[in-house]
């Protein structure tokens with residue numbers, strides 16, 4: 001939260017103020033995650049976006065189920081509401097995402113029946129996707145998506161007092177998540193995945209200050225550009241201004 005806030009503003013004792021705000025948040029306290037129980041063998045590093053994606057289901061969250069897709073390289077995440085958890089709907093939902101970002105080389109999932117069905121195997125084979133499943137009964141072995149699911153659930157739980165529709169709160173969460181710098185890279189998910197920062201309401205709030213700063217920089221450049229450098233020849237006599245005595 002602090003790293004995201006620093007992109008737009010700063011004030012004295014900023015870190016402490018934000019930390020105290022989080023500690024006083026009742027929703028944050030009730031949604032606190034439990035520590036990992038065991039160590040898990042890490043996945044091979046994905047060296048570019050959308051090379052490997054992790055897929056799983058989250059829910060029920062407020063009586064709704066969701067499909068989660070996480071890019072292993074950038075941690076960019078997609079969330080789709082799932083009226084039913086079937087192989088057919090899973091494939092159709094994936095097709096909607098893959099139409100935007102293309103086919104990954106590897107798709108990792110758990111051993112749910114939606115993913116082990118023959119129909120899903122055929123879908124992956126037809127599109128050149130290598131399907132890898134996690135260890136049975138060990139959800140953390142598909143940790144890329146499990147980490148996001150935990151964050152996703154806690155975010156919606158924290159916002160239960162928000163009277164807006166859940167779909168609006170979900171969109172706001174995803175926007176915030178995608179502009180938050182990752183701890184390991186110090187880049188936002190959008191910079192890692194889209195190679196650019198996405199424009200949000202925070203940019204609108206702080207745009208006036210940014211515009212003023214850019215205008216000052218332009219004026220400085222224009223002023224400097226109007227000043228020609230003096231050129232002297234070797235051995236040429238010049239006058240020197242001694243500012244300490246205010247005389248030439």
Criterion first (surrounded by 19 or more Cβ atoms within 10 Å (Cβ to Cβ), modelled with pLDDT of 95 or more, in contact with a helix residue (DSSP H, G or I) (Cβ under 8 Å, 6 or more places away or on another chain) and part of a helix (DSSP H, G or I)) does residue 115 satisfy it? yes
Filter result for the condition that a residue is at pLDDT below 90, within 17 Å of residue 67 (Cα to Cα) and either in contact with a strand residue (DSSP E or B) (Cβ under 8 Å, 6 or more places away or on another chain) or surrounded by fewer than 16 Cβ atoms within 10 Å (Cβ to Cβ) (or both), over 183, 166, 216, 207: 166
How many residues does region 52-75 contain that are out of contact with any strand residue (DSSP E or B) (no Cβ under 7 Å at 6 or more places or on another chain) and under 15 Å from residue 103 (Cα atoms)? 1
Residue 195 versus (1) in contact with a helix residue (DSSP H, G or I) (Cβ under 6 Å, 6 or more places away or on another chain); (2) at pLDDT 90 or above; (3) more than 16 Å from residue 56 (Cβ to Cβ): which is the lone unmet condition? (1)
Can you tell me how many residues in region 123-139 are modelled with pLDDT of 95 or more and exposed (fewer than 13 other Cβ atoms within 10 Å of the Cβ)? 4
All-but-one check, residue 120 against (1) closer than 27 Å to residue 173 by Cα; (2) in contact with a helix residue (DSSP H, G or I) (Cβ under 7 Å, 6 or more places away or on another chain); (3) buried (at least 18 other Cβ atoms within 10 Å of the Cβ); (4) modelled with pLDDT of 95 or more, failing number (1)
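The values are calculated or read from the model by the stated rules, or taken from the named source; none is laboratory data. Owing to the predicted nature of the structure, the values given are computational and were not obtained by experimental measurement. As a convention, Cβ positions derive from the backbone with ideal geometry for all residues, glycine included, and neighbour counts pool all protein chains shown.
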